[in-house]
Amino acid sequence: MTYIFIPVGLIAIFALYLIYLLVRKDTARLKIVLFPGLFFIFVWAAIYFVFLK
């Protein structure tokens, strides 16, 4: 049951980091970080819904 809190926490940290980059207006790093992070979230969600449910 506590396994759900780990990815939720990681997603929250990722969202906070994206907000930090937006406030700093560091668009170069934002472009580098955004797509791998979203890909990681998508893959985790797919694995969770396909294999663990």
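The values are calculated or read from the model by the stated rules, or taken from the named source; none is laboratory data. On a predicted model such as this, the values are computed, not experimentally measured, just so you know. Methodologically, a virtual Cβ is constructed for each residue, glycine included, from the backbone with ideal geometry; neighbour enumeration extends over all protein chains shown. Please note that ligands, DNA and RNA were not included when accessible areas were found on the heavy atoms of the full protein model with its side chains. Shrake-Rupley method; radii C 1.70, N 1.55, O 1.52, S 1.80 Å.
Each 5 Å bin, from zero up to the one with the longest distance, holds this percent of the alpha carbon pairs of the chain: 4, 18, 24, 22, 14, 9, 6, 2. Sequentially through region 40-49, phi angles give Karplus couplings (6.51, -1.76, 1.60; θ = phi - 60°) of 4, 5, 5, 5, 4, 5, 5, 4, 4, 6 Hz, Gly and Pro residues having no value and appearing as x.
Computed from Cα atoms, the angle from the helix 5-24 axis to the main principal axis of the chain rounds to 10 degrees.
Quickly estimate the mean residue ellipticity at 222 nm for the chain, helices only: each DSSP H run with n ≥ 4 gives -39500 (n - 2.57), and the total goes over all residues, rounded to 500.
Values: 2 runs with 41 residues, N = 53.
Dividing the helical sum by the residues of the chain leaves -26500 deg cm²/dmol.
Rolling a 1.4 angstrom probe over the chain with all protein chains present gives an accessible area of which 80% lies on carbon and sulfur atoms.
The label-point distance for Lys25 and Phe39, in a model that sets each label 7 Å from Cα toward Cβ, rounds to 3.0 nm.
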